[in-house]
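Enquirer: So that we are looking at the same thing, I have put the structure below in C-alpha cells.
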Amino acid sequence: KLNDQETIEWGIHGWAHTDHSQLEYQEQKTQLQKAIEIFDRCQVPFSGFRCPYLRSNEHTKEVLSELRRFKFDSSDSIVWDDFYGPNNKNYSWVKVFYRAKTYVKDAARPYQVNRIVEIPVSLPDDDVLLDREDLTPEEIFLVWQSILRACHKNNEVFVLQLHPERFLELKQALHKLIQEAKELEPRIWITTLSEVALKERSAKDWLGP
C-alpha cells in the first residue's frame, strides 16, 4: 500500500522469461515452483500470474490450479480490431504471436477455469503500438481511450498491458487514460487484478460498488 489512493500489486511472471506455450506440464510446474520460492524467500505476496509473451498452453491453468497459490491468470488476450485491425501493418503478427482472440461482445470479461479466474488482456499493448507501429504517445492514448470507452459501454474489464520500462516514455498517455477513467459515468471501478478475481470467485458483481 503506497497511500490511501494508490496500490501496487506484484504478480509472478515466471522464473525465467520463457515461452510457456512450448513447455510441458512438469516444465511449467517447475518454473512456477522456483518463482514461488523466490517470492516467498523475499516475503513478497502475490496472487496472480501472467505468462511471458502472453503465451500459454493447455497445461498452464492446470498447473496454476494444482499449486493452489494463485487466484488468477492474465495470459489470455483479445485484440480490438475496431481500433487496431487488418489495416495496421502488424495486425496479423499480433494475432499469430499472441494467439489473440478477435474481440466479440463479452470477450473482455473474467471467467473461471477450475480454481483460476482468467482476466483477459486487451491488445494492442505498448510493445505493439510503440515499437512496431511507431505511434506517438498521443496516438497510443487514442487507441487505448477507444478500448476503455468500449469496455465501459459494454460493462467489461479493460486490462492494459504497459511494461514498466516505458512508464516514463508513455507517462502522458497513461495519466490521460487514468483521468478519463475517473471521469466516466456511470463510474468505473479502478482496481487490482486480484480484486477482480475475488469478485468473480465470490460470484458477486465484479464491476465493484
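The values are calculated or read from the model by the stated rules, or taken from the named source; none is laboratory data. Treat the numbers as computed from the prediction; the structure is a model and nothing was measured. Positions of Cβ are backbone-derived with ideal geometry, glycine not excepted, and every protein chain shown enters the neighbour counts. For the accessible areas, the whole protein counts, side chains as well, though only heavy atoms, and no ligand, DNA or RNA atoms are used. Shrake-Rupley method; radii C 1.70, N 1.55, O 1.52, S 1.80 Å.
Enquirer: Write out, first by first residue and then by second, each pair whose Cβ atoms fall under 7 Å of each other, whose residues are 6+ apart or on separate chains, and whose first residue, in the range 56-70, is over 18 Å from ILE119 (Cβ atoms) while the second is aromatic (Phe, Trp, Tyr) and assigned to a helix (DSSP H, G or I).
Expert: HIS59/TYR25
Enquirer: Shifting gears a bit: When only residues in the range 127-140 that are of a type outside the set (Asp, Glu) and more than 22 Å from SER74 (Cβ to Cβ) count, which is most open to solvent (accessible area, probe 1.4 Å)?
Expert: The first filter runs over the range 127-140 and keeps only residues of a type outside the set (Asp, Glu), leaving 128-130, 132, 135-137, 140.
When the remaining residues are screened for being more than 22 Å from SER74 (Cβ to Cβ), the result is 135-137.
Working: LEU135: 44, THR136: 66, PRO137: 46 Å².
Out of the qualifying residues, it is THR136.
Enquirer: Let me ask something additional. When the residues of the range 59-96 are filtered to those that are among the hydroxyl-bearing types (Ser, Thr, Tyr) and part of a loop (DSSP other than H, G, I, E, B), which remaining residue is nearest to GLU24 (Cα to Cα)?
Expert: By that ranking, first place goes to SER75.
Enquirer: Six or more apart or on different chains, Cβ under 6 Å: which pairs go from a residue in the range 171-189 that's over 16 Å from GLU156 (Cα atoms) and among the small types (Gly, Ala, Ser) to one that's modelled with pLDDT under 95 and open to solvent by 100 Å² or more (accessible area, probe 1.4 Å)? Could you list them?
Expert: Correct list of pairs: empty, since none qualify.
Enquirer: Do we find a residue being crowded, with 21+ Cβ neighbours inside 10 Å and touching a Phe, Trp or Tyr at 6+ places or on another chain (Cβ under 7 Å) anywhere in the range 38-53?
Expert: Yes, the range 38-53 contains at least one residue that is crowded, with 21+ Cβ neighbours inside 10 Å and touching a Phe, Trp or Tyr at 6+ places or on another chain (Cβ under 7 Å).
Enquirer: Given the conditions (1) modelled with pLDDT of 95 or more; (2) in contact with a Leu (Cβ under 9 Å, 6 or more places away or on another chain); (3) not acidic (Asp, Glu), and given that LYS171 satisfies all but one, which numbered condition is not satisfied?
Expert: LYS171 satisfies all of (1) modelled with pLDDT of 95 or more; (2) in contact with a Leu (Cβ under 9 Å, 6 or more places away or on another chain); (3) not acidic (Asp, Glu) except (2).
Enquirer: Quick check on my filter: what residues within the range 183-201 are modelled with pLDDT of 95 or more, open to solvent by 50 Å² or more (accessible area, probe 1.4 Å) and either closer than 20 Å to ILE12 by Cα or not in a loop (DSSP other than H, G, I, E, B) (or both)?
Expert: If the condition is that a residue be modelled with pLDDT of 95 or more, open to solvent by 50 Å² or more (accessible area, probe 1.4 Å) and either closer than 20 Å to ILE12 by Cα or not in a loop (DSSP other than H, G, I, E, B) (or both), then GLU183 is the only one that fits.
Enquirer: Sticking with this structure for a sec: Taking the residues in the range 54-75 that are among the small types (Gly, Ala, Ser) and open to solvent by 10 Å² or more (accessible area, probe 1.4 Å) as candidates, determine which candidate is farthest from LEU160 (Cα to Cα). Break it down stepwise before answering.
Expert: First pass over the range 54-75, keeping only residues among the small types (Gly, Ala, Ser): 56, 65, 74-75.
Retained after the next criterion (residues that are open to solvent by 10 Å² or more (accessible area, probe 1.4 Å)): 56, 65.
On the way: SER56: 18, SER65: 24 Å.
Result: SER65.
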